[in-house]
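Step one of this worksheet: look at the structure below.
The values are calculated or read from the model by the stated rules, or taken from the named source; none is laboratory data. These numbers were taken from a predicted model, which means no experiment stands behind them. Ideal geometry is used to build each Cβ from the backbone, glycine not excepted, and the neighbour counts take in all protein chains shown.
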């Protein structure tokens, strides 16, 4: 079996010598922040937590490698090659973390919009119920002058309002019938 050099490609998330509580803290923080509600959302949270965990592992490995490489007068080329590979690995992990968080933020924003729309619809239904409960809907009543055919809208407080469709046709006030 191959030995573990850096653990960045390990099949298990937590390696021997690492504290599971530390990973659980990262995972719990992301779960609290994003509140996953489906299997796919939980997968994204897990993916972000694993990427963050491996980034920490990469930093530890990088520090140890630096101390080993440059502390024992190893060649600069060996250290440079290792740091080049570590830069690629950490870049991938950072992109994985950023992608997962971006998608989770999008889902969270959509969930908030849906909740807001549901509340607005519920509020609208409640206001419609309260306006119509116990009362009949308002009815427009018109008075029609038999001589001219002009219609006048009658409001609930009995103040006549001219029909807006006929107002353009006649600029003169209507004459009262005899």
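Counting residues that are modelled with pLDDT of 70 or more, which strands (runs of 3 or more DSSP E) fully inside region 109-163 reach at least 1?
Correct list: 141-144, 151-154.
Return yes or no: is residue 54 modelled with pLDDT of 80 or more, farther than 30 Å from residue 26 by Cβ and either in the same structural domain as residue 36 (by TED's automatic domain parsing) or not in a helix (DSSP H, G or I) (or both)?
In short, no.
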